[in-house]
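Engineer: The structure under discussion is supplied below as structure tokens; questions concerning it will follow.
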Amino acid sequence: MTAHRPDHNHLVALSHALALIEAGRFDRAEGIGLRVAGEDGEYADAWFIAGVAAARQGRHAEAVERLERAIGLQPGVSEYFNNCGVSRNALGMDEKALSDFETALALNPADYSAHANRGRLLLKNGDAQQALLSIRRARELRPGDAELMGDEAVIRMAHRELEEALSLYEQALRIAPEDAEIRFNYSRALLMAGRYAEGWRENEWRWRARHYRGVMRPFPAPLWAGEPLAGRRIVMLSEQGFGDALQFIRYAAVLQGLGAAVGVTCRPELTRLFRVARGVDWALELEKTLPEVDFCIPMWSLPLVLGTVPETIPEARCLTVAPGPLPEVAKTGYEVGLVWSGNNRRDFRFADLEPLLAVEGVAFHSLQVGPQAALARERGVRDWSSRLSDFADTAAILSQMDLLITIDTAAAHLAGGLGVPFWLFTHVTADWRWGWRGDSTPWYPGARLFRQHRRGVWGDVAVEMATALRKELAHG
């Protein structure tokens, strides 16, 4: 608490508000903080508590405004800056957030939470080395803290130190076995290690992890846990991004093979494509009213229930082109589709493709959507973006390609499902689907992975691809 001399009743009220925050009663704590701030506008702790309570409810802009009031009244409190940094980070104000964390540490070098928050922000911005130093310092100040062990494990994964990360996760879970965030991240490390049975099991903790809150609850039917499916109806539920849905739609054929009528819910951009996927009897957009079904299953739970290991991954080729007029690609050479921008990669530029665009005998086609598509037209690449309103449209063009070259993993999953060979610009710390070594993945036999050597640098990878493309043409 600060040096302000509050009314005794206000002090008691804010002590109660702090207890409410600890108990997760953020709305009540916020009300107390705002009441005290209204009665004593010079009481910095009242603004602080009102700000923290707003942040815990996800209202970070309001939180920053209140925390700035607290800082203006009492600028020497590390905790104020640390919490303001957390909310600024949530708002994408990374530079200001980093400044807040560093101010907090200047005021109190022993503030383990500020060290940890600084480390998390640095990792988010790609500085894994400095992130590790911050988290290690936080752990020195607070040894035995399971959350910090989990944070260091995430950073170890960014350093490609898989065994160290697994060890840290396991230590953390001995201390905090019910921590869903640690277990969810642990599942990714297990999958990276090829320990699929354990990884799928730990992945079920995702429903209690922060970024899964509010996803697809309640479930529309009993969850399928392996019961006989002959003559039953089951719906597969898409959970997150396009790539996950495109990767796991292959399981529809497995369920149909067990005798089920299979439906799928998905985002609108996938509906037409999934309606004609192998094993799918019907597809609906998310939030639409479902027909009566016997079971449902989230897509990410299918590998667990079906016992998927690397040797039993279902066949990738399960997608086809939706009925309707097919935009015809006039064959003028070796037809190569290009996608160079996606949600998962922001450090790749169209200019990085120049070594590929210089390869003779190739007809390049841009399957990029969004503002980036104009760059292809400026370079003379055939641009299909005006014809691409959903993934079914993209599939109609992509199915006529000899090869897809992409940085976007959703496009890679689409190509794999169509049986179109693809080459993927693969980040130095790619996720478990692509691994960290080798040029192949068991999920897509037709894939070839070209791996980044240095973070943020793609030009040399494009040169390798161009060399490989010339060899492909020579042998074709």
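Read-outs throughout are calculated quantities, based only on the coordinates presented, and are distinct from any laboratory measurement. As the structure is a computational prediction, the values presented were derived from the model and not from experiment. Here the Cβ is made from the backbone with ideal geometry for all residues, glycine too, and neighbour counts use every protein chain on show.
Engineer: Pop a pseudo-label 7 angstrom from the Cα along the beta-carbon direction at both Asp40 and Ala225 and give the gap in nm to one decimal.
Structural biologist: Here the modelled spin labels are 5.4 nm apart.
Engineer: What residues from region 356-397 fall in the zone where the backbone N is under 19 Å from a label point 7 Å along the Cα-to-C-beta line of Leu473?
Structural biologist: Answer for region 356-397: 356-367, 379-383.
Engineer: Another question about this same structure. Semi-axes of region 233-312's equivalent ellipsoid from the Cα gyration tensor, sqrt of 5 times each eigenvalue, largest first, rounded to whole Å?
Structural biologist: Three semi-axes, in Å: 18, 15, 11.
Engineer: Using just the helices of the chain, give the 222 nm mean residue ellipticity in deg cm²/dmol: DSSP H runs with n ≥ 4 each add -39,500 (n - 2.57), and the total is spread over all residues, rounded to 500.
Structural biologist: Result for the chain: -14500 deg cm²/dmol, rounded to the nearest 500.
Engineer: Follow-up. I need the shape label for region 360-476. Rule: rounded when a/c is under 1.5, else prolate if a/b > b/c, else oblate, with a, b, c from the alpha carbon gyration tensor.
Structural biologist: Here region 360-476 falls in the rounded category.
Engineer: Residues in region 192-212, backbone N under 16 Å from the label point at Glu311 (7 Å along the Cα-to-beta-carbon vector): list them, ranges by number please.
Structural biologist: Flagged as within label range: 194-198.
Engineer: With the Cα gyration tensor of region 420-476 giving a ≥ b ≥ c as the square roots of its eigenvalues, does the rule (a/c under 1.5 for rounded; else a/b larger than b/c for prolate; else oblate) give rounded, prolate or oblate?
Structural biologist: Here region 420-476 falls in the oblate category.
Engineer: Provide the gained length on full extension for the span Ser167 to His8, in nm with one decimal, where the gain is 0.36 nm per separating residue minus the Cα-Cα distance.
Structural biologist: Length gained between Ser167 and His8: 52.3 nm.
Engineer: Classify region 336-402 from the C-alpha gyration tensor, please: rounded if a/c falls under 1.5, else prolate or oblate depending on whether a/b exceeds b/c.
Structural biologist: Taking the square roots of the gyration eigenvalues as a ≥ b ≥ c, region 336-402 is oblate.
Engineer: Determine the gain in length on full extension of the stretch Ala193-Val276; use 0.36 nm per residue of separation and subtract their C-alpha separation, reporting nm with one decimal.
Structural biologist: The span from Ala193 to Val276 would gain 26.5 nm if fully extended.
Engineer: Right, next: Apply 1/(1 + (r/R0)^6) to the Cβ-Cβ distance of Glu354 and Ala19, taking R0 = 60 Å, and write down the FRET efficiency to the nearest 0.05. Walk me through the numbers on the way to the answer.
Structural biologist: Numbers: r = 61 Å, r/R0 = 1.01.
With a Förster radius of 60 Å, E is 0.50.
Engineer: Separate question: Normalised by the number of residues in the chain, what is the relative contact order in percent for Cα pairs under 8 Å and 6+ residues apart?
Structural biologist: 9
Engineer: Report the charge-dipole magnitude of region 233-312 in Debye, nearest 20, computed about the Cα centre from +1 at each Lys and Arg Cβ and -1 at each Asp and Glu Cβ.
Structural biologist: 220
Engineer: Which angle between 0 and 90 degrees, to the nearest 10, do you get for helix 26-39 versus the longest principal axis of the chain when only C-alpha atoms count?
Structural biologist: In the chain, helix 26-39 runs at an angle near 40 degrees to the longest axis.
Engineer: What's the magnitude of the charge dipole for the chain around its Cα centre, counting Lys and Arg as +1 and Asp and Glu as -1 at the beta-carbon? Answer in Debye, nearest 20.
Structural biologist: Approximately 700 debye in magnitude.
Engineer: What FRET efficiency, computed as 1/(1 + (r/R0)^6) with R0 = 41 Å and r the Cβ-Cβ distance, is obtained for Leu326 and Ser440, rounded to the nearest 0.05?
Structural biologist: With a Förster radius of 41 Å, E is 0.85.
Engineer: Could I ask something else about it? Roughly how tilted is helix 162-175, in degrees to the nearest 10 and between 0 and 90, from the longest Cα axis of the chain?
Structural biologist: The helix 162-175 is inclined about 40 degrees to the chain.
Engineer: Also, quick follow-up: Could you tell me how far the Cα centroid of region 262-321 sits from the Cα centroid of region 88-148, in Å?
Structural biologist: First find each Cα centre; the distance between them is then 40 Å.
Engineer: Something else about it: Run the dipole for region 286-389 about the Cα centre, Lys and Arg Cβ at +1, Asp and Glu Cβ at -1, nothing else charged, and hand back the magnitude in debye, nearest 20.
Structural biologist: Details: 10 positive and 13 negative charges, 72 e Å.
Value, rounded to 20: 340 debye.
Engineer: Identify, among Ile155, Pro421, Leu132, the residue whose Cα sits farthest towards the positive end of the charge dipole of the chain, taking +1 on the Cβ of Lys and Arg and -1 on the Cβ of Asp and Glu, with the dipole about the Cα centre.
Structural biologist: Ranked along the dipole, the leading option is Pro421.
Engineer: Another question, if that's okay. Once the Cβ-Cβ distance between Asp347 and Lys288 is put in as r, and R0 is 25 Å, what FRET efficiency do you end up with, to the nearest 0.05?
Structural biologist: Values: r = 37 Å, r/R0 = 1.48.
Plugging the Cβ-Cβ distance into 1/(1 + (r/R0)^6) gives 0.10.
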